[in-house]
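*Asks:* Quick one: the structure is below, questions incoming.
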Amino acid sequence: MSLSKNSSFLVVLLLLDIYALVSRGEVNSTATDSADAMKQTASFSPAAVVVNSPVFKPGVDSVFSLNLRSSFPEDLETSEYCSELLQIFGLKYVAYVDCLVTAARPVQVCQKCFSSYGSLAETYVNISSDQMGPGNESCRDSLLRSDRLMLVYLLYSNMEDIWRKSQCYQCITKGFESLTNDTLYFMDKVNQTIACFKKYQQGNHTELCKDCKNTYRGLNELYSRMETNQTMCIDIEDEMNMTRRLWSKNFNCSFPREETVPVIAVSSFMLFLPIIFYLSSFLHSEQKKRKLIHPKRAKSYTSLMNIQTKLS
């Protein structure tokens, strides 16, 4: 019995040793696979790709960097004054774009952003002009013409195009100091009209159409004059469109246009004018036919001819 017990104990120990050996082999295999995977991942890194490039062969002791720009000679680099001017341009550009986004709806890009655009335009003039800065240097060539893209010029051209399409120059005084008097007067008329709308919008809209008619008509006439005189911008156009939408769509108001009455009268007269002309011509010709009298000489000449015929 003791021999069988000892032999069974030895078998158990042998099985435990075999399990331990198998476990170690799996761990080593997993570690080896992980190391291989890391090597493969490292081989696909950008640095490894460039280092293994057949074109670029760095030195053995060199520290590789992904930065493409090395230090150029000082005569090719942008001067400190031009770099500061470029940073100022960037700040002014961001300020103007931020103002445009906040003033997109309702459109108030002229009355809210004219100051920031004027500051941006002034900075661009300093960059693009031939005026020399400190050290008798001009930044026009280095910032505007040094590359094919001409990014500074392109950025400013886009902002200038927005300003021109908005026609903000017709609502702003020269030098970007303030809004014009015509623009301020129009804004005041708009505020009066909107105040009249708010006074009656909760009640009967019939009263609104009646009591606000003169104010709204005056605003329309002012807008027509500004459109003829070319003294309006996108802000005025948008505010007039919204006011007209309130008047006609929201409040369902309308008023007869007085200038259509003479137009209709003149059109009717011109329509019947040919009929009147032909009718009068016809009556006049009939009257002349009735008054036509044969002369006596012609009658005597006819009788004389009859007598001669009989005698012959």
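The values are calculated or read from the model by the stated rules, or taken from the named source; none is laboratory data. No experiment lies behind these values; they were computed from the predicted model shown. Cβ sites come from the backbone with ideal geometry, for glycine too, and all protein chains shown count toward neighbours. All accessible areas refer to the heavy atoms of the entire protein, side chains included, with ligands and DNA or RNA removed. Shrake-Rupley method; radii C 1.70, N 1.55, O 1.52, S 1.80 Å.
*Asks:* Only one of (1) at pLDDT 95 or above; (2) surrounded by 14 or more Cβ atoms within 10 Å (Cβ to Cβ); (3) of a type outside the set (Asp, Glu) is not met by LEU208, so which one is it?
*Replies:* Status for LEU208: all satisfied but (1).
*Asks:* So in region 87-135, with the set limited to residues that are in contact (Cβ under 8 Å) with a residue 12 or more places away in the chain and basic (Lys, Arg), which one is least open to solvent (accessible area, probe 1.4 Å)?
*Replies:* If we take residues in region 87-135 being in contact (Cβ under 8 Å) with a residue 12 or more places away in the chain and basic (Lys, Arg), then LYS92 is least open to solvent (accessible area, probe 1.4 Å).
*Asks:* Output the number of the condition that SER157 fails; it satisfies all remaining conditions of (1) farther than 30 Å from TYR223 by Cα; (2) in contact (Cβ under 8 Å) with a residue 40 or more places away in the chain; (3) loosely packed, with under 13 Cβ neighbours inside 10 Å.
*Replies:* Condition not satisfied by SER157: (2).
*Asks:* Please name all residue pairs, on different chains or six or more residues apart, with Cβ atoms under 7 Å, provided the first residue is in region 170-191 and is over 25 Å from GLU122 (Cα atoms) and the second residue is among the polar types (S, T, N, Q) and open to solvent by less than 60 Å² (accessible area, probe 1.4 Å).
*Replies:* ASP182/THR231; VAL190/THR243
*Asks:* Would you pick out the residues in region 171-202 that are among the aromatic types (Phe, Trp, Tyr), under 24 Å from the mean Cα position of the chain (by Cα) and open to solvent by 30 Å² or more (accessible area, probe 1.4 Å)?
*Replies:* Listed by number, the list holds a single entry, PHE176.
*Asks:* Here is a follow-up. Please find, within region 226-265, the residue that is nearest to THR180 (Cα to Cα) out of those that are at pLDDT 90 or above and surrounded by fewer than 10 Cβ atoms within 10 Å (Cβ to Cβ). It would help to see each step written out before you state the result.
*Replies:* Step one: filter region 226-265 for residues at pLDDT 90 or above, giving 226-253.
Retained after the next criterion (residues that are surrounded by fewer than 10 Cβ atoms within 10 Å (Cβ to Cβ)): 228, 230, 249.
Numbers: THR228: 16, GLN230: 13, LYS249: 31 Å.
Per the criteria, the residue is GLN230.
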